[in-house]
Every structure is written in structure tokens, then in C-alpha cells.
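Just below is one structure, and these are the notes that go with it.
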Amino acid sequence: MPAEALPFCAEGSRVSASPPIGTAPAQTTSWLFLEYDRPWSSRAVEDNDLPPAVQDWLGANLAALPESRLVFIKRGRPRPGPKSFYLAVARAAESRLYRRQFQDYTELLTGDLASA
């Protein structure tokens, strides 16, 4: 089937009467992806062991970026080396993807995402 004929996940869920678990809200235009290599629960964004200052920074950036969402990601088993933080801007007029690598989560505190 050609890619242009494929429905959005949420639409496919509605058509098949399946629960829309895991579908993204259509109004989200900014995605923050944080590589987090520790175990997490279904409430990872709220229930994690990130330093409080980093949690505050993430919350402030979510509040400053309209229609944004934070998602935790990981590359499999923890391994040494830098981790990545991504900001994906998916607006109709333009889309951009930013990547920032870091060794320690506190290194994120110096970034200003609202200007993206």
C-alpha cells in the first residue's frame, strides 16, 4: 500500500474500534525526547530519579513551548558514553530536529528551548 494511503494511527484506531493507546495527540507540535537509560514505569515523566533541577527545567520548557510533550527514550541496555536529548518541532510551515549530547543530566540546564 502506498505511504500516502496509510491512515494516521489514531484514525486507524477509530476505524477498527481499537483503544487509542499510544497514539499521539494531533495538537502536539514540539516533542522533547530524553534518553533515559534507567528502568521506568508507565509514568516515567512524573516518576523518575532525575535531579530535581533537571525535572524543573523540563517542566519549565514544557510550559514555555505551546503544544509540547516529553517522551523518554532509550537505546537498550545502559552503556558508557554520551546520552542524547532531542527537540523535534513539527509545525505545518516548518519542521526541525535538534540534538544535544550530554554526559550528565545537569548539563541540560544551560539550554533554552523556547526560542526553537
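The values are calculated or read from the model by the stated rules, or taken from the named source; none is laboratory data. Remember, predicted model here, so these are calculated numbers, not experimental data. We place every Cβ from the backbone using ideal geometry, glycine too, and count neighbours over all the protein chains shown. Heavy atoms of the whole protein, side chains included, go into the accessibility calculation; ligands, DNA and RNA do not. Shrake-Rupley method; radii C 1.70, N 1.55, O 1.52, S 1.80 Å.
Residues that are in a loop (DSSP other than H, G, I, E, B) and at pLDDT 90 or above: does the range 24-34 have at least one? If you could, list the steps in order and put the result at the bottom.
Restricting attention to the range 24-34, the residues satisfying the condition of being in a loop (DSSP other than H, G, I, E, B) are 24-29.
Still in the list and also at pLDDT 90 or above: none.
There is no residue in the range 24-34 that is in a loop (DSSP other than H, G, I, E, B) and at pLDDT 90 or above.
Which count do you get for residues in the range 64-76 that are open to solvent by 50 Å² or more (accessible area, probe 1.4 Å) and out of contact with any Asp or Glu (no Cβ under 8 Å at 6 or more places or on another chain)?
Selection size over the range 64-76: 4.
Scanning the range 79-105 for residues that are at pLDDT 90 or above and among the small types (Gly, Ala, Ser), which turns out least open to solvent (accessible area, probe 1.4 Å)?
84
Considering each residue of the range 49-63, count those that are within 15 Å of the chain's Cα centre (by Cα) and either exposed (fewer than 14 other Cβ atoms within 10 Å of the Cβ) or of a type in the set (Gly, Ala, Ser) (or both), and give that number.
3
Filter the range 25-62 down to the residues that are touching a Leu at 6+ places or on another chain (Cβ under 6 Å) and of a type in the set (S, T, N, Q) and list them by number.
30, 61
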